[in-house]
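Just below is one structure, and these are the notes that go with it.
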Amino acid sequence: MPLQPVDQDGNGAFDGRDLKTARNAFTGPHFLNMDLRVAKTFAIGDRVRLQALFEFFNLFNGANPAAVNLNQNHTPRLAGEPIFGSTAAYLPGREGQIGLRLTF
């Protein structure tokens, strides 16, 4: 006897896709990311080079989504339940690092 697939959300579709909406019918939250890298190379003798690096990630400190709520209902059923399409988690804010690279 073959195993029946599990209907995860109880809507009669076994692949997790809501059949009442078309593909790509929803848009996610705004995402803006700008990284910056500044490097300067210094020559030390004929064969040795020293490179100073300054790197910044998420330069404009945008609140970029890392996860979006995918709850099938468009309105919350219970108090405190997340709304479909709202941001569940955010990526880190502005970060920076400094480094030195020595090549010979």
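The figures follow:
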{"read-out": "Fully extended contour minus Cα-Cα distance, from ALA43 to GLN97, at 0.36 nm per residue", "value": "17.2 nm"}
{"read-out": "Sites ALA66 and PHE104 - FRET efficiency at Förster radius 30 Å, r taken between beta-carbons, to 0.05", "value": "0.15"}
{"read-out": "Region 88-104 - phi-based ³J(HN,Hα) in whole Hz, Karplus 6.51/-1.76/1.60, Gly and Pro as x", "value": "8, 8, 10, 6, x, x, 4, 9, x, 8, 10, x, 10, 10, 10, 10, 8"}
{"read-out": "Hz values of 3J(HN,Hα) by residue in region 30-39 - Karplus curve (6.51, -1.76, 1.60), Gly and Pro given as x", "value": "4, 10, 9, 9, 9, 10, 9, 9, 10, 9"}
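Values quoted throughout were computed directly from the atomic coordinates according to the rules given, and no laboratory measurement underlies them. Source: prediction; values computed, not measured. Virtual Cβ from ideal backbone geometry, glycine too; neighbours counted across all protein chains shown.
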